[in-house]
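So the structure is just underneath, and the comments pick up after that.
The values are calculated or read from the model by the stated rules, or taken from the named source; none is laboratory data. As the structure is a prediction and not an experimental result, all values here were calculated from the model. Don't worry about glycine lacking a Cβ; one is built from the backbone with ideal geometry, like all the others, and counts go over all protein chains shown.
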Amino acid sequence: MKLYGLIGYPLEHSASPDFFKKKFEKENIHDTDYQLFPLKEIAELPRLVAENPDLTGFNVTSPYKQAILPLLARTDIAASTIGAVNTVKVSHENGETLLHGYNTDYIGFAESLMEALSRTPRRALILGTGGAARAVRYALTGMHCDVTMVSRTIGKGDLTYGDLTAEIVSRHLLVVNATPLGMYPNTDRCPDFPYEVLTSKHFLFDLIYNPKETEFLRRGRLRGAETCNGLSMLQHQAEASWNIWSSAPEFRWP
């Protein structure tokens, strides 16, 4: 039996087990399972790995995409550059269990965005500065998009929410919510963004997929903006994770 899973906390919102269950059934992948492993602290990870010798790989979600870095033996170039990991491959070398970190969030975001838009806007606002936001920035920078990161805290991003004027928003036609605000069960929450200045020229992308329409997306839709949730991103990043686990691609280690 090969075991895969997802670590983070909380995890009741996750659609990953359902995605992989359907994938395993559709592709006749046997003796394989995908489970949720809610960890209240990242310090619980070594015990989890030790107690599950069949664990071959796992995904990482909030709040551990950056906190997991010191526990990894290696990270690939993308994950090192982003400074966050969402996919881990477990290997056993010379009697030692090693964790190798990758980032497939940027792949999932880029592929999902390209499906939704015919071309990438020249400028984007990313709401948030955590691991997911860094992956989005990496993807957009690679697509030659000028990125401005927005944080609640002065100095963490390029701007704070209080800095967002109508002029700034009008020049950034792509707005990405990379915060957990609005995620189930707290579906009434959303970033403190000036939604009243959005127009039909804007495109709002929310990395959250549960609920299907977050308060962030709802407010954008009411202003005429196009919107997209994070379900497609989840699916693309999950496929990229599976490719890493199953085909053991060669990576150059920094």
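Values as computed for the structure displayed
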| read-out | value |
| --- | --- |
| Restricting region 4-47 to residues that are among the polar types (S, T, N, Q) and surrounded by 14 or more Cβ atoms within 10 Å (Cβ to Cβ), the residue that is modelled with the lowest pLDDT | SER14 |
| Criterion: surrounded by 15 or more Cβ atoms within 10 Å (Cβ to Cβ) and of a type outside the set (Lys, Arg) - qualifying residue of ILE168, ILE154 | ILE168 |
| Residue match in region 160-169 (condition: among the polar types (S, T, N, Q), over 25 Å from SER80 (Cα atoms) and either in the same structural domain as PRO70 (by TED's automatic domain parsing) or in contact with a strand residue (DSSP E or B) (Cβ under 8 Å, 6 or more places away or on another chain) (or both)) | yes |
| Residues satisfying the stated conditions in region 198-238, i.e. of a type in the set (Val, Ile, Thr) and buried (at least 20 other Cβ atoms within 10 Å of the Cβ) | ILE208, THR214 |
| Total residues in region 121-165, condition within 20 Å of LYS201 (Cα to Cα), basic (Lys, Arg) and assigned to a loop (DSSP other than H, G, I, E, B) | 1 |
| Matching helices (runs of 4 or more DSSP H) fully within region 166-254 where at least 2 residues are of a type in the set (Ser, Thr, Tyr) | 231-247 |
| Only listed residue being modelled with pLDDT of 95 or more and crowded, with 21+ Cβ neighbours inside 10 Å, chosen from TYR161, TYR138, TYR195 | TYR138 |
| Selection from region 1-60 of residues that are among the hydroxyl-bearing types (Ser, Thr, Tyr) and either in contact (Cβ under 8 Å) with a residue 40 or more places away in the chain or more than 18 Å from GLU239 (Cβ to Cβ) (or both) | TYR4, TYR9, SER14, SER16, THR56 |
| Residues located in region 53-71, provided they are surrounded by fewer than 16 Cβ atoms within 10 Å (Cβ to Cβ) and farther than 21 Å from GLN35 by Cα | PRO70 |
| Selected residue [polar (S, T, N, Q) and more than 30 Å from THR227 (Cα to Cα)] from THR56, THR87 | THR56 |
| Of the criteria (1) on the phi > 0 side of the Ramachandran plot; (2) modelled with pLDDT under 95, which one GLU250 fails | (1) |
| THR148 vs. criteria at pLDDT 95 or above, surrounded by fewer than 20 Cβ atoms within 10 Å (Cβ to Cβ) and under 20 Å from THR199 (Cβ atoms) | yes |
| Selection within region 45-97 - among the charged types (D, E, K, R) and either in contact with a strand residue (DSSP E or B) (Cβ under 7 Å, 6 or more places away or on another chain) or not assigned by TED's automatic domain parsing to the domain that holds TYR34 (or both) | ASP54, ARG74, ASP76, LYS89 |
| Failed condition for ALA50, given (1) farther than 30 Å from LYS212 by Cβ; (2) at pLDDT below 95 | (2) |
| Matching residues, region 103-119, being within 17 Å of HIS202 (Cβ to Cβ) and either without any contact (Cβ under 8 Å) to a residue 24 or more places away in the chain or among the aromatic types (Phe, Trp, Tyr) (or both) | SER118, ARG119 |
